[in-house]
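Reading through the structure tokens given below for one structure.
Read-outs throughout are calculated quantities, based only on the coordinates presented, and are distinct from any laboratory measurement. Everything numeric in this text was worked out from a predicted model, so none of it was measured. Please note: Cβ atoms are built from the backbone with ideal geometry, for glycine as well, and neighbour counts cover all protein chains shown.
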Amino acid sequence: MSLRKSLLLAFLFIALSLTLESQNIFIYNQQTGNPVSDVVIFNNNRSKTGLTNNIGIVDISGFSDNDTITFQHPSYITISLDFETIKGFKFKIPLNEKLINLDEVIVAASKWETKANEIPNKIEQIKQKDIIFNNPATSADLIASGNQVFVQKSQLGGGSPMIRGFAANKILLVVDGVRMNNAIYRSGNLHNVLQADVNSIENAEIIFGPGTNIYGSDALGGVIDFHTIKPEFSYTDKMIGSGSAMSRIATADFERTINANVNFANNKWAFMANLTFSRFDDLKMGTIHNDYNLRHEYVEVIDGVDSIVPNSNPETQKFSGYDQTSIMTKIAHKHNENLDWEYGLYLTTTSAVPRYDRLIQYSGDDLKYAVWNYDPQQWLMNKLTINLHDDISWYDNSVITLAYQNIKEGRNDRKYKSELLRKREEQVNIFSLNTDFDKTLNHGNFIYYGLEAVYNDVQSDGIQENIYTGETGNISSRYPDGGTKFYQAGAYITYKNNLRKIPMTFIAGMRYSFVGLDSKFIDTTFYQLPYSNIKINNGALTGSVGLVYHPGEWQYNINLSSGFRAPNLDDVAKIFDSEPGNVIVPNEDLKPEYLYNIDLGVIRKFDAVARIEITGFYSYLVDAMVRSDFTLNGHDSIMYDGELSKVQAIVNTGSAIIYGGSAMIDFKLLRNLAFNSVITAIIGEDDTGESLRHAPPVYGSTNIIFEKNRLKVQIGADYNTEISYDKLAPSEREKAYLYATDVNGNTYSPGWWTLNFKGSYAFNEKLITTFGIDNILNYRYRAYSSGITAPGRNFIVAFRYTF
């Protein structure tokens, strides 16, 4: 940075500081250092009032030196300070959030801000203060941090959420209003959630159950909606700079993360940039119990020859580390009170990510693979959002979102002692348009409606390279080599009525969705398919209706909803080995699957002392898309990558039921001490009585939290129950290398629990440290369906500086 620019920034900071001291108060969250907007201030007789703006500043020039000023916000503890005390704080007032916050606003349910007590289905909110305190390394860890969503991991660079018995392409991911799910999202465990940089996320909302009415196909199990940091406008016409920097280190995988964020703005223009770099070394597991998880040996190339060598430390999971870099920039402009817009550029890249579960597979007595990596991946998104605010006949507010995404990913694998490295690469270009509207009809009556259109272009190819000679040749691509066009369109409308005479909200809506696919096969050298082109067109009408009755401290919810998921390219036309000895082949006759769901919920609030929430659900899935034995040209087995493999395909078979529930309690034990606990149980069975693969074990957590002024600490336990062999899904029973063995020699998933400690301390409004010890007892365990063993004892520390 030039000297001139440095002096200009210094001048701006000094000017802002003098302004704060002379006529304004800055109000901030003591635990995070972030400004608090919408704080009401008033004197004793309320003759003088004020309200903090979006950067936590309020003008106090109208107050006198004799006034006592009260600071009030529904989410924070109310305080009253005399003028001398305010001066002692240098006009920078810290507020502490309530240990139990009863007043919440939800966005994901309707795409517009809605009070939590007007929503009939279960939604989890993960706020920025939770993100800072929990210190997640990735967005997958962020989702798991509330212990309401189960997350599977095949490798360190991954994380596949499971919600209500569904996972992967049956859960919808959304970033800043843009659909992430694309034509190649697979039905197996999916790890694209890491594309959203956890250090750029301001908050997240998770819808449990079908979100099809608003979001369309794929939202069967639920919706994960990430909201990233926005450019913050200042309150003057002068450009003001601000920002933050963070560094974090963890011991189990020797994580090193650095993050920087800057914001320059006046009251018309705002610019922000966010940069994160993370490096993870090989992950170390715990030392107690479950010896089956140990990594006794690995493949290493010695003098140009594959050799299996003993692992000097079997608790180190060799070849699990990776790097990730994320950049996000946004620029926003307030054209006038009726129009503003925001442009965003998002980029996430990774190094090669080893797929650890494949690296520990055996073929006979030898490890099967010498190499199995996800190729360096890239997610690029350009997004333009236009906000219109007009009180006209057909809308009050409108949001138009245009986006372009480019996804590059691939898979490289080489078997032990083989000289051929196979490379399969995919590229997806995605164009999308969303328009969303809201309208207040009259008192208590609202409608929300919108349109969506999405187009995917997919290219896929495969080559193999001789690692000694460099010679290359073609191999079968993962998807049709002639390219695929995949398109989606939909229209939705939702009506909400807050009844006048009784404390009840009625909400109902419907959506029509259309999904089409056109895929071409050119090179049939490798597999003689009975067709050269697959065309599928599907449409569906889905809906929901719900009631919320909220008298006083009680809330009762009931919601009936339907959902559907149309097959995408990965379901219809993939050729890939799903596991050793099996190969997935195309199925041109695949149809959509449909879900019918009921949610019931009860919430009891006890002022600001306690909150209890119990939720239950029952879902019926028909025409379920599942992997099953299949034939190709009359054969039940074919040669795939040199190995005779059983033919399978994604097919529509019968039905399934999924049911379960969750219970949560937050309880304020003392003024500064609170207790919380959450537990979830899900059971899923197909029409033959077999368990569903993505129905996890019973899981939950229990914590004690102490918070006073600048210090917050938490100690608690996370836990999962066992899944016996009889309750394992058939596809999981076949993965003996991932599971323990019972006394009868059958595979099963052991239960486990960990003891954890977390804390944060705010040195002042600018410098905060967060720290913790995960898995204090150093328990060795592998979460259900996961390919990599969980971290052992893990010391974590981070420092965050705001300027």
Counting other Cβ atoms within 10 Å, keep those with at most 14, restrict to DSSP loop, and tell me which GluC sites (Glu not before Pro) in the stretch 443-481 are left. E471
DSSP-loop chymotrypsin sites (Phe, Trp or Tyr not before Pro) across the stretch 440-496, with at most 11 other Cβ within 10 angstrom: Y468
Relative contact order of the stretch 27-132: what whole-number percent is it, with Cα pairs under 8 angstrom and at least 6 residues apart? 22
On alpha carbon coordinates alone, what is the Rg over Rh value for the stretch 361-431, Rh being the Kirkwood radius? 1.42
Find which of A736, A508, V36 sits farthest along the positive direction of the dipole of the chain, computed with +1 on the beta-carbon of Lys and Arg, -1 on that of Asp and Glu, about the Cα centre. V36
In this structure, among K591/K646; K230/K383; K238/K268, pairs with alpha-carbon gaps over 18 Å are K591/K646
Give me the lysines in straight-line cross-link reach of K501: C-alpha distance below 21 Å, same-chain residues under 8 apart excluded. K115
Take the stretch 112-244, compute every pairwise Cα distance, and split them into 10 Å bins from 0; I just need the percent in each bin. 12, 42, 31, 11, 4, 0
Specify the angular offset, from 0 to 90 degrees and rounded to the nearest 10, of the alpha carbon long axis of helix 3-23 from the longest principal axis of the alpha carbons in the chain. 50
If you work out Rg and Dmax of the Cα atoms in Å from the coordinates, which of (i) 34.8, 113; (ii) 36.7, 118; (iii) 27.3, 91 do you get? (iii)
Running Debye on the stretch 596-649 with equal point scatterers at the Cα sites and no solvent, what base-10 log of I(q)/I(0) appears at q = 0.20 Å⁻¹? -0.82
Cα Rg, Dmax (largest Cα-Cα span) when computed across the stretch 46-162, Å: 19.8, 63
Between D391 and T49, take the C-beta separation as r, use R0 = 35 Å, and let me know the FRET efficiency to the nearest 0.05. 0.85
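In square nanometres, what is one fourth of the surface area of the convex hull spanned by the alpha carbons of the stretch 180-315?
14.8
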Binning every alpha carbon pair distance of the stretch 528-570 at 5 Å from zero, what are the percents per bin? 5, 13, 15, 12, 11, 9, 8, 8, 6, 5, 3, 3, 2, 0
Label point distance in nm, F757-E337, each placed 7 Å from Cα along Cα→Cβ: 5.5
Summing +1 per Lys or Arg and -1 per Asp or Glu among the other residues with Cβ less than 11 Å from T316's Cβ gives -1
Rounded to whole Å, √(5λ) for the Cα gyration tensor eigenvalues of the stretch 553-630, largest first, gives 42, 15, 9
For 349-359, 686-696, ranked highest to lowest by mean beta-carbon neighbours within 10 Å, the order is 349-359, 686-696
When only alpha-carbon atoms count, how far does the stretch 412-539 stretch along each of its three principal axes, as whole angstroms with the largest first? 80, 31, 21
Environment charge of S398, counting only residues whose C-beta is closer than 9 Å and scoring Lys/Arg +1, Asp/Glu -1: -4
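Exactly which trypsin sites (Lys or Arg not before Pro) in the stretch 30-89 are in a DSSP loop and have at most 14 other Cβ atoms within 10 Å?
Numbers: sites: R46, K48, K87; in loops: R46, K48.
Here the sparse-neighbourhood loop sites are R46.
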Helix-only [θ]222 nm of the chain, DSSP H runs n ≥ 4, -39500 (n - 2.57) each, per residue, nearest 500: -2000 deg cm²/dmol
Between K727 and D687, the FRET efficiency computed from the C-beta separation at R0 = 25 Å comes out, to the nearest 0.05, as 0.90
How big is the Cα convex hull of the stretch 311-392 in projection, averaged over all directions, in nm²? 9.5
Relative counts (whole %) of C-alpha pair distances in the stretch 696-803, using bins that are 10 Å wide: 13, 34, 25, 17, 9, 3, 0
Could you quote the convex hull projected area for the stretch 267-350, Cα atoms only and averaged over all directions, in nm²? 10.3
Cα-based radius of gyration of the stretch 339-385 once divided by 2.2 N^0.38 Å, which approximates compact folds: 2.02
On full extension of the chain, what length is gained from F795 through R256, given 0.36 nm per residue of separation minus the C-alpha to C-alpha distance? 192.8 nm
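Please label the shape of the stretch 575-669 as rounded, prolate or oblate, based on the square roots a ≥ b ≥ c of the eigenvalues of the alpha-carbon gyration tensor (a/c under 1.5 means rounded; beyond that, a/b larger than b/c means prolate, else oblate).
It is prolate, given that a/c is not under 1.5 and a/b is the larger ratio.
Give me the net charge for the shell around G286: Cβ to Cβ below 10 angstrom, other residues only, Lys and Arg +1, Asp and Glu -1.
Neighbour charge sum, excluding G286 itself: +2.
Counting only C-alpha contacts under 8 Å and six or more residues apart, can you give the relative contact order of the stretch 437-580 as a whole percent?
Taking the mean separation of contacting Cα pairs over the length of the stretch 437-580, I get 20 percent.
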Computed over the Cα atoms of the stretch 194-236, the Rg and Dmax in Å are 14.1, 46
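Using the Kirkwood radius built from alpha carbon pairs, what does the Stokes-Einstein equation give as D for the stretch 625-675 at 37 °C and 0.692 mPa s, in µm² per second?
206
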Mean separation of Cα contacts under 8 Å, 6 or more apart, over the residue count of the chain: relative contact order %: 11
